[in-house]
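Following: one structure in structure tokens, then a few remarks.
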Amino acid sequence: MKALKYASVFSFPLAIYFSFTLSGWLTFLPLIYAFVFIPIMEQVIKGSSSNLNRLESEILKEDKIYDFLLYLISLTYLGQLFWFLFAIQEPGLTGLEITGRILSMGLLIGVCCINVAHELGHRHEKFDRFLSQVLLWSTQYTHFYIEHNQGHHKNVSTQEDPASARKGEVLYFFWLRSIVFSYLSAWKIELKNLERKKKGFFSRHNNMLFYTLLQAALIFCIYWFFGTSVLVYYVLASLIGIVFLETINYIEHYGLARKRVNEFRYENTMPWHSWNSNHFLGRMLLFELTRHSDHHYEPSKKYQILDSHEKAPTLPLGYPGSMLLSMLPPLWFFVMHREIKKIPQS
């Protein structure tokens, strides 16, 4: 029964179904659901900071139903991405309807593709890691698999991390900095891995080169089978999904900084180096991504057993509400800078 609440994530594919089959403003239903209905309900439904006890955590950690939900939503997403390539070229679509379907697909990419790939990418099982890379490949962001695991988690909340937002940094500038420098960081990491393994650039061990070729192949296939217009719509949807991810990155670590211990290292990553959110709907729909403090404190923990830490700073709004707030920089700064002052370690 505890696992069933996470099945609520399938409300996004359901909303996408309506976007792809209805017309007019109804093609925007997924956006209305995510950024109007959910933020309102998160102000009505109280969150909970309660945690599982040790026995419950051990039981849930081994329960395969939680893994099955990740696999099922991954398969659903891949099916709807394929459907999107047909739905977006439906005869008679207006500019409004095309825009609604592209934005809706972008939302699905953010929630049910990149977010799920993030969870699977931290697993030890080969199949989970493979599926993570397949999901990221489908949205042209496969390098995230390297940079996030080997870069972001090492450098989080430091000047070395492109995915950690500085205090006073505007969201729109952060998008550009994080996207560009995360990609460059992934290449640097991979080149160091090749050097350590004593492998050449054109070696089969060069994952970044392999990802680049695979992503180019996907681009070519979409162009070949569906044409230029559909390819443009696909790229736009992917970009929206990536921006969705980077907006989450922005709110997760905004203004938080780890102290430098010496010239060689920073202090260990602690719960107060990530913003936490216990809003119930966000926890369910994003597979506990909102308990981000514990995720960075113990990256290998599966989503169903993540804890809420008393010392972790808490976002004043849930994830959707915080994302909307971050799009208004003066208001975001006004709210968040007051919250940062409340953090003893800041």
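In a residue-by-residue description of region 242-255, the property of being out of contact with any strand residue (DSSP E or B) (no Cβ under 8 Å at 6 or more places or on another chain), open to solvent by 30 Å² or more (accessible area, probe 1.4 Å), at pLDDT 95 or above and more than 28 Å from Leu72 (Cβ to Cβ) applies to no position.
Of all residues assigned to region 78-95, none qualifies as being open to solvent by less than 60 Å² (accessible area, probe 1.4 Å), in contact with a Cys (Cβ under 9 Å, 6 or more places away or on another chain) and closer than 16 Å to Leu286 by Cβ. With a requirement of 2 or more residues that are free of Cβ contacts under 8 Å to residues at least 12 places away in the same chain and out of contact with any Cys (no Cβ under 8 Å at 6 or more places or on another chain), the helices (runs of 4 or more DSSP H) lying completely within region 239-346 that satisfy it span 329-341.
Restricting region 96-117 to residues that are more than 24 Å from Tyr145 (Cα to Cα) and among the β-branched types (Val, Ile, Thr) leaves a set whose member that is surrounded by the most Cβ atoms within 10 Å (Cβ to Cβ) is Ile102.
Criterion first (out of contact with any Gly (no Cβ under 8 Å at 6 or more places or on another chain) and within 21 Å of Tyr183 (Cα to Cα)) does Gly227 satisfy it? No; evaluated as a whole, the condition is false for this residue.
The values are calculated or read from the model by the stated rules, or taken from the named source; none is laboratory data. What you see is a predicted model, and the numbers here were worked out from it, not measured in a lab. Virtual Cβ from ideal backbone geometry, glycine too; neighbours counted across all protein chains shown. With ligands, DNA and RNA removed, areas are computed over all heavy atoms of the protein, side chains included. Shrake-Rupley method; radii C 1.70, N 1.55, O 1.52, S 1.80 Å.
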